[in-house]
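Following: one structure in structure tokens, then a few remarks.
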Amino acid sequence: MDYKLVMNMAVMAGELMLRSGAETYRVEDTMYHILRTAGTQTVEASVMMTGIVATISNPDMEPITMIKRVQERGTNLNRIMRVNEISRNYCTGELSLEDAFEELKVISGKQYRIWVYNLATVVVPAGFAPLYGGGSAEVLASAAVGAILALVITGGKRLQINGFILDTLSSLAVAAAAMLLKGLFPFLNNDTVIISAIMPLVPGVAITNAVRDTLQGDYISGGARILEAFLKAVAIALGAGAGMALANHFFTGGGLL
């Protein structure tokens, strides 16, 4: 048995799941089952929101321990499902260790192209607009504001802007653009457009995972996720408020509209 390869595979699987938004206990469970296939006496996997620690050992061998720092996190439920599927197939013997490791490396890259993410950022606000009572005009306006949001997010990621600042700038751009459209088309329901357009920024998965981690007893990860979701919500609120204030000052109060 190649103990180092088992360790590398377990840590890679854990990193992929943690980066994709999986709960802490789910990551630990997946890593534990992979590490158990090494047949060692001691198997430990400890996962926090920002890092992974795993170790395996036997009385006749030196312990193998690996630490992995995880800095980037997002939401990719399909990637979590694929990692779980590979893990199950490996643990049941349907995949060899080498094949399972190679499949994990394949899915570690970007799943979609940038234009697909941008298209989704345009479509999601348009889909939420009817749920908040919007008509066809609000749907089109939400899609237009979503396009601006996609542009800001793409540019911010390329410039490697801090996440908190990027959320603030994104919500600011959304609110300012919605206010501008309201000035051009007074019949628009501005509240519906703004709420629909900021939905791609709302940390819904982070809040859900924070509650689930806390209920599982992972208080450090649960508390960290709650704090992360709170800061993200604050950034969105600050940006939206600043955007509406600036739009009122420059477009209406300033006499541009």
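The values are calculated or read from the model by the stated rules, or taken from the named source; none is laboratory data. Treat the numbers as computed from the prediction; the structure is a model and nothing was measured. Because the Cβ atoms are built from the backbone with ideal geometry, glycine has one as well, and the counts that use them run over all protein chains shown. In case anyone asks, the SASA skips ligands and DNA or RNA and just uses the protein heavy atoms, side chains included. Shrake-Rupley method; radii C 1.70, N 1.55, O 1.52, S 1.80 Å.
Hey, among 10, 54, 38, 22, which residue is open to solvent by less than 20 Å² (accessible area, probe 1.4 Å) and part of a helix (DSSP H, G or I)? After applying the criteria, what remains is 10.
With the condition kept exactly as written, say whether any residue in segment 78-85 is of a type in the set (Lys, Arg) and either over 23 Å from residue 204 (Cβ atoms) or in contact with a Gly (Cβ under 7 Å, 6 or more places away or on another chain) (or both). Looking through segment 78-85, none of the residues is of a type in the set (Lys, Arg) and either over 23 Å from residue 204 (Cβ atoms) or in contact with a Gly (Cβ under 7 Å, 6 or more places away or on another chain) (or both). Note on segment 25-35: residues that are open to solvent by 20 Å² or more (accessible area, probe 1.4 Å) and closer than 11 Å to residue 91 by Cβ total 2. Return the residue satisfying two criteria in turn: it lies in segment 59-97 and is open to solvent by 50 Å² or more (accessible area, probe 1.4 Å) and in contact with a strand residue (DSSP E or B) (Cβ under 6 Å, 6 or more places away or on another chain), and of such residues it is modelled with the lowest pLDDT. Looking at residues that are open to solvent by 50 Å² or more (accessible area, probe 1.4 Å) and in contact with a strand residue (DSSP E or B) (Cβ under 6 Å, 6 or more places away or on another chain), I get 63. Residues in segment 182-220 that are more than 23 Å from residue 145 (Cα to Cα), polar (S, T, N, Q) and more than 15 Å from the chain's Cα centre (by Cα) were compared, and the one that is most open to solvent (accessible area, probe 1.4 Å) is 216.
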